[in-house]
Amino acid sequence: MQLRTLGTQGLVVGAVGYGAMGTTFAYGPGDDTESIAAIRQAHELGVTHFDTAELYGWGTGEQLLGAALAPVRDEVTIATKFGFTPDAYRPNSHPDHIREVVDASLRNLGTDSIDLLYQHVHDPAVPIEDVVGVMQEYVQAGKVRYLGLSNTDAANIRRAHAVHPISVLQTEYSIFSRESEELFGTVDELGIGLVAYSPLARGFLSGAVAPRQEYAADDIRQWLEWWAPEHWDANTAVVAGLTELATAKGISLSQLALAWILAQRDDIVPIPGSRNPGRVAENVAAADVVLTVDDLARIDALGQGVRGRRAG
C-alpha cells in the first residue's frame, strides 16, 4: 500500500488505516474472534495504522487490539485516546486522570510505548496547555512518540501546538460530513496531518445501510440524525446516486467514499473499521482507486443532498 506522511513530525503510515471502535463499542454486540481476524487481515493487506481509545469498551477495545497486533507490534503504529469518564461519558482531561488512563492504556495494549496519543475530546474545564503538558511528559519519558487532538477547534489546536508539536488532528470527515474542512487552513499552517474517522458515515456509505429500527438497541445509529425518518429518503437518494457512479467505475460504494477522501489531500488517512475480514479487504483496496475530476465533481454535487447534522 502507498504510504502517507501525517504532518511534519515524521509519522508515516499506510494510506488507509483501521478504526477499531466497532470491535467493542457503538455498533451492537461484536465477536472477538472475528474482530481479531479482521485486524490481522488489515495488517496482511498493508494497513500499518490502527486506532483505538479507552472509551471503546473502557479498556477492552485496547486489549483486543493489542492482542491482535502483538505478533506484528514492531510493524505497525497504534493510536489511542483519553478524555472521557464512564460517568455519563463526560469529558475528563484532568492531569491525574490523563496519567491514570494512559498508564492503563499501555498495559491494555501490552506495549511499552504508544505511537500516537490523542486527547479524545476537548475538556472545557481544563486548559489545553495543561493537557498537552501532561501528554508531553509521556513523550519525554519515551512512552509516547507523537501527539494528536480530536474533536476540537482551531483555537485549541493553536494553543496546544504552542506547548508541544501536534502531529495529527483526528476529525470526522466523509462525503456526508464535511464541517471539518474549516480546520484545514489551520492544520496546513501548523504542519499537522489529518486522520478521518467515520469515513463511511457510520455505515451510510458502506453499501449496506438499513433503517434505524433494524439495528440493535445499543447501536449508536439509533440516535443519529442521518437515520431520522425525516432525512431518510434524501440520504438514501444520495447513496443511490453514489452507488450508480461506483458501479459504473467497477468499484463498491465504500471504495468510492474512501477514494474521495484520499483525493482531497495527500496528508489525510481514513480509518474505516469493520469486524468482517472481507469488508476490510474491500476498504483497503480503495487505496488503488483513481477518481477523475468529473468523478469528484459528481460526488460533490450528490453530497449537497445530504440531510441531518454530522454524527459527531
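The values are calculated or read from the model by the stated rules, or taken from the named source; none is laboratory data. Just so it is clear, the model here is predicted, and its values are computed rather than measured. Heads up: the accessible areas ignore ligands, DNA and RNA and are worked out on the full protein's heavy atoms, side chains in. Shrake-Rupley method; radii C 1.70, N 1.55, O 1.52, S 1.80 Å.
Summary of computed values
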{"item": "GNM result for the chain, Cα springs below 10 Å: residue of 257, 196, 37 fluctuating most strongly", "result": "37"}
{"item": "Separation of alpha-carbon centers, region 213-231 and region 149-171, rounded to whole Å", "result": "31 Å"}
{"item": "For q = 0.11, 0.13, 0.15 Å⁻¹, Debye-computed log10 I/I(0) when each Cα of the chain counts as one equal scatterer", "result": "-0.64, -0.91, -1.24"}
{"item": "Cα pair count fraction exceeding 21 Å, expressed as % - region 75-183", "result": "33 percent"}
{"item": "Using alpha-carbon coordinates, inclination of helix 154-163 to the longest axis of the chain, degrees", "result": "30 degrees"}
{"item": "GNM flexibility winner over the chain from 48, 111, 23 (Cα, springs under 10 Å)", "result": "111"}
{"item": "Residues of the chain: accessible area per residue with a 1.4 Å probe, Å²", "result": "40 Å²"}
{"item": "Acute angle (nearest 10 degrees) that the helix 253-264 long axis makes with the longest principal axis of the chain, alpha-carbon atoms", "result": "60 degrees"}
{"item": "Cα shape, region 207-305, gyration tensor, a/c 1.5 rule", "result": "oblate"}
{"item": "Convex hull of Cα atoms in region 1-147, direction-averaged projection (nm²)", "result": "8.8 nm²"}
{"item": "Percent accessible area from carbon and sulfur atoms, the chain, protein chains only, probe 1.4 Å", "result": "50 percent"}
{"item": "Cα-based shape type of region 10-93, given that a ≥ b ≥ c are square roots of the gyration tensor eigenvalues and the cut on a/c is 1.5", "result": "oblate"}
{"item": "Sequence of 182, 34 when ordered by accessible area, the most exposed leading, probe 1.4 angstrom", "result": "182, 34"}
{"item": "Proportion of all alpha-carbon pairs of region 268-312 beyond 16 Å (%)", "result": "61 percent"}
{"item": "Nearest-ten-degree value, helix 128-140 long axis tilted from longest Cα axis of the chain", "result": "70 degrees"}
